[in-house]
Amino acid sequence: MAEYTAEELFAQGLKAAEQNDFTTAAGCYQQAADLGHTEAIFELGICYLFGDGVAEDREKGLALITRAKDAGNTTALAMLAKYYLTEAPENIAGIALVRDAVSNGNATVLDLLKQVCKAVPDRVKGYEDVLIPVAVTDDDALFALLQFHMQRDEMAAIHFLEKMVDLNCRTARYHLGMCYMEGVIVEKDEEKALALLRGLGDNA
């Protein structure tokens, strides 16, 4: 019987998956994974996570995907982040994984975090401190945080905007200025509003 390389087994697995033969695909991925093929380890993890070609076993699936991530598979990192953000938001290990990825500048995970937080503001919990530096220049992150604070209390949202103004966030300066200009949430104060809005012309 011919022996196949890990790459050949992985390719066979992909081909079987394209034909919706997930049982064969999972078997090929398992053999390639046993030979240390990182992408096969990831795909096998997906099989277990969703029960494709094997009995569903989320714990085993996450362990395999984590193993692929630790071997440098960036797709595995994104998959784990998405899973924890959407399916297990309270998972401590998941929160740590997402926080580390964002702190290390992973743009894909940051985008996932912003999308989830904008859709479900309560998901900001556990990530506020890593989102704030991003929010200084990223409006999506700013509005995700603003929604979170607004959901809790309107004045909490004002205090958040004040904090962001102190960090030189121009978008926060504009919105806080307009709140004072129009008397939204806070008492109308045109002098304070103009001081904030004039600050938008500063280069600092």
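The values are calculated or read from the model by the stated rules, or taken from the named source; none is laboratory data. This structure is a prediction, so every number in the text was calculated from the model and none was measured. Virtual Cβ from ideal backbone geometry, glycine too; neighbours counted across all protein chains shown. These accessible areas exclude ligands, DNA and RNA; they are computed on the full protein's heavy atoms, side chains included. Shrake-Rupley method; radii C 1.70, N 1.55, O 1.52, S 1.80 Å.
Condition (residue is part of a helix (DSSP H, G or I), out of contact with any Leu (no Cβ under 7 Å at 6 or more places or on another chain) and of a type in the set (S, T, N, Q)) applied to region 67-75: is it met by at least one residue? Looking for residues that are part of a helix (DSSP H, G or I), out of contact with any Leu (no Cβ under 7 Å at 6 or more places or on another chain) and of a type in the set (S, T, N, Q), one finds at least one in region 67-75, hence yes.
When each of E7, E56, E39 is tested for being open to solvent by 70 Å² or more (accessible area, probe 1.4 Å) and free of Cβ contacts under 8 Å to residues at least 24 places away in the same chain, the lone residue that passes is E56.
Taking region 151-163, which residues are assigned to a helix (DSSP H, G or I) and surrounded by fewer than 18 Cβ atoms within 10 Å (Cβ to Cβ)? Spell out how you get there, then give the answer.
Here is the first cut: in region 151-163, the ones assigned to a helix (DSSP H, G or I) are 151-152, 154-163.
Across region 151-163, the qualifying residues are Q151, R152, E154, M155, A156, H159, E162, K163.
Annotation note: of G126, G94, G61, the sole residue that is outside any helix (DSSP H, G or I), touching a residue at least 12 places away in the same chain (Cβ under 8 Å) and open to solvent by less than 60 Å² (accessible area, probe 1.4 Å) is G126. Beta carbons closer than 7 Å, at least 6 apart along the sequence or on distinct chains, pair a first residue in region 143-156 that is touching a residue at least 24 places away in the same chain (Cβ under 8 Å) with a second that is of a type in the set (K, R) and open to solvent by less than 80 Å² (accessible area, probe 1.4 Å) for A144/K114. Taking the criterion of being of a type outside the set (A, V, I, L, M, F, W, C) and exposed (fewer than 15 other Cβ atoms within 10 Å of the Cβ), the residues of region 171-186 that qualify are E182, G183.
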